[in-house]
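Everything below concerns the one structure shown next.
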Amino acid sequence: MRINRFLRNLTPIRLWGVSIIVSVLMAELLVSGMGLLLKGEITWDYLLTGFVTSLFVGAAVVAGVTWFLLEQKAVEEALIDSERRFRDLADAAGEMIWEVDAQCRYTYVSDKSMAVMGYPPQEMVGRTIADFLPAEDAHKVSDKLALALRSKLAFRDYEHRCRHKDGRIIWKSASGLPITNSAGEVIGYRGTSLDISRRKEVETSLQSLVESLEQRVRDEVARSMASERLLIQQSRLAAMGEMIGNIAHQWRQPLNALMLLLSNIKDAHQFNELDAKTMDESLTTGRRLIKGMSATIDDFRDFFRPTKEKSVFSLNTAVMSTLDLLSAGLRYSRIEVFLDGAEERLAIGYPNEFSQVLLNLLGNAKDALLARNIENAEIRIALTARAGMVGVVVRDNAGGIPHDILPKIFDPYFTTKEKGTGIGLYMSKTIIEDHMSGCLTVCNLSDGAEFTVLCPAP
């Protein structure tokens, strides 16, 4: 090893000189030794032969040394060029290149450490990674690198905080590969580090923006739901107002009957004809009339009680219960109702809300027929089933909806009635489509409008 270092430290001329001298001496010694062995003495002819031989040997040695020097120079130039390319790439990459030993101590740091960490390389080499970490992060990062050393695995894009020379806390993204010795043991890591503080700031800003937007969306959804509940309540109150009118029609006949019954009791009493039998019959009739009126109140109360959970319900029952509440008003308005389809149809949804939609559709049909003074006014109701859906079709002969109004018929607060609220059809569509996953559509026929309400079948 010492001879090798000595030869490497010689200049080319000195190396040639040493090589020639050594080769001449070796040749002379070899030839002189042969003379002593063969003749017992050293003669001039052997010395001359040794000199000539040494010239040839020296020339061969010079050629060999020259070839060695040229090869060594080429290797050194290639090494210098490779190192220059490595440093150029390191500078162009914008990343700090580093090496650490098994104790996580820096053994090499590129010049980019100034741009990334604020430290020149000489101030980092010899110090550990933990020396440049915030105290609260040192344990976590050291454990990460220790685990990598034990597992002999590379790591990529490991993000951690670091302390800049000016005292700022910055974010770095580090990637590393294990360095092994000839025995395959990991003796350190080599890798790169990139300052990602700006990216982290942007990510934090974006996260804050996302959280702010999410909160705004939640607030807007809450306001929208509150508005929707208010619209539903307004729609329910408007329907209740109409229903009170229907109840008035529904009660008119039994009230007249009660009035007549009381008059009969009074007359019987005046003429001394009020016996026990007459009194019992009158009481029975009165109780029956009052029970019927009470049942109307119960139907009215149940009709507007919201259904809390979806359930399977009968469309036939929903149609009949709605018609029971409207029948007196429809008869009073001389509107004939036809019900087509007796087959039982079951749907999934909210039965009371569905009945409110039917009430709204039938009420609109009734208002249209009365507003246009239609003779032979009629409403046709049919049960239908199509493609996994079941529903009700409500059709009138009021002449249909004007074509310029038809696209806006389900818009909120849009109405053609003088005292209308414009929320009935809007909420009907919301209930059927948003709450019950169904469909509410309208179209014009030759003599009127047709509304179709579809809900999922069980």
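Residues that are among the aromatic types (Phe, Trp, Tyr) and over 20 Å from residue 387 (Cα atoms) within the range 420-458 comprise just one, 426. Note on the range 144-176: among residues that are surrounded by 12 or more Cβ atoms within 10 Å (Cβ to Cβ) and among the polar types (S, T, N, Q), the one that is nearest to the chain's Cα centre (by Cα) is 173. Restricting 440, 406 to those that are touching a residue at least 24 places away in the same chain (Cβ under 8 Å) and under 20 Å from residue 382 (Cβ atoms) reduces the list to 440.
Within the range 344-366, the presence of a residue that is over 48 Å from the mean Cα position of the chain (by Cα), surrounded by 14 or more Cβ atoms within 10 Å (Cβ to Cβ), closer than 23 Å to residue 439 by Cβ and hydrophobic (A, V, I, L, M, F, W, C) is excluded.
Contact map, the range 346-357: residues that are on the phi > 0 side of the Ramachandran plot and assigned by TED's automatic domain parsing to the domain that holds residue 326 paired with residues that are hydrophobic (A, V, I, L, M, F, W, C) and not in a helix (DSSP H, G or I), Cβ distance under 8 Å, separation 6+ or inter-chain. Pairs shown: 349/313; 349/436; 349/455.
Residues that are aliphatic (A, V, I, L, M) and under 17 Å from residue 130 (Cβ atoms) within the range 161-216 comprise 169, 170, 174, listed in sequence order. Checked against the criterion of being touching a helix residue (DSSP H, G or I) at 6+ places or on another chain (Cβ under 8 Å) and without any contact (Cβ under 8 Å) to a residue 24 or more places away in the chain, the candidates 413, 426 yield just one match: 413.
Residues in the range 177-202 that are in contact (Cβ under 8 Å) with a residue 40 or more places away in the chain and among the β-branched types (Val, Ile, Thr) were compared, and the one that is surrounded by the fewest Cβ atoms within 10 Å (Cβ to Cβ) is 187. Would you check if there is a residue in the range 134-143 being more than 31 Å from the chain's Cα centre (by Cα), on the phi < 0 side of the Ramachandran plot and in contact (Cβ under 8 Å) with a residue 40 or more places away in the chain? No, every residue in the range 134-143 fails to be more than 31 Å from the chain's Cα centre (by Cα), on the phi < 0 side of the Ramachandran plot and in contact (Cβ under 8 Å) with a residue 40 or more places away in the chain. Taking residue 401, is it touching a residue at least 24 places away in the same chain (Cβ under 8 Å), in the same structural domain as residue 313 (by TED's automatic domain parsing) and over 21 Å from residue 322 (Cβ atoms)? Spelling it out, residue 401 is indeed touching a residue at least 24 places away in the same chain (Cβ under 8 Å), in the same structural domain as residue 313 (by TED's automatic domain parsing) and over 21 Å from residue 322 (Cβ atoms). Return yes or no: is residue 451 closer than 26 Å to residue 321 by Cα and part of a loop (DSSP other than H, G, I, E, B)? The answer is no for residue 451.
Every residue, every condition in (1) exposed (fewer than 12 other Cβ atoms within 10 Å of the Cβ); (2) modelled with pLDDT under 75; (3) in contact with a helix residue (DSSP H, G or I) (Cβ under 7 Å, 6 or more places away or on another chain), yes or no:
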{"residue": "266", "(1), (2), (3)": "yes, no, no"}
{"residue": "277", "(1), (2), (3)": "yes, no, no"}
{"residue": "285", "(1), (2), (3)": "no, no, yes"}
{"residue": "289", "(1), (2), (3)": "no, yes, yes"}
{"residue": "294", "(1), (2), (3)": "yes, yes, no"}
{"residue": "298", "(1), (2), (3)": "yes, yes, no"}
{"residue": "304", "(1), (2), (3)": "no, yes, yes"}
{"residue": "314", "(1), (2), (3)": "no, no, no"}
{"residue": "322", "(1), (2), (3)": "no, no, yes"}
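Residue 186: of a type in the set (A, V, I, L, M) and outside the structural domain of residue 119 (by TED's automatic domain parsing), yes or no? So residue 186 does not fit the description; no. Cβ-Cβ contacts under 8 Å between residues 6 or more apart (or on different chains), taken from a first residue in the range 316-344 that is of a type in the set (Ser, Thr, Tyr) to a second residue that is part of a loop (DSSP other than H, G, I, E, B), are listed as 333/377. Filtering 103, 122 for residues that are over 37 Å from the mean Cα position of the chain (by Cα), over 20 Å from residue 177 (Cα atoms) and surrounded by fewer than 13 Cβ atoms within 10 Å (Cβ to Cβ) leaves a single hit, 122.
The values are calculated or read from the model by the stated rules, or taken from the named source; none is laboratory data. For clarity, every value in this text was computed on a predicted model and none was experimentally measured. Note that each Cβ is placed from the backbone with ideal geometry, even for glycine, and that neighbours are counted across all protein chains shown.
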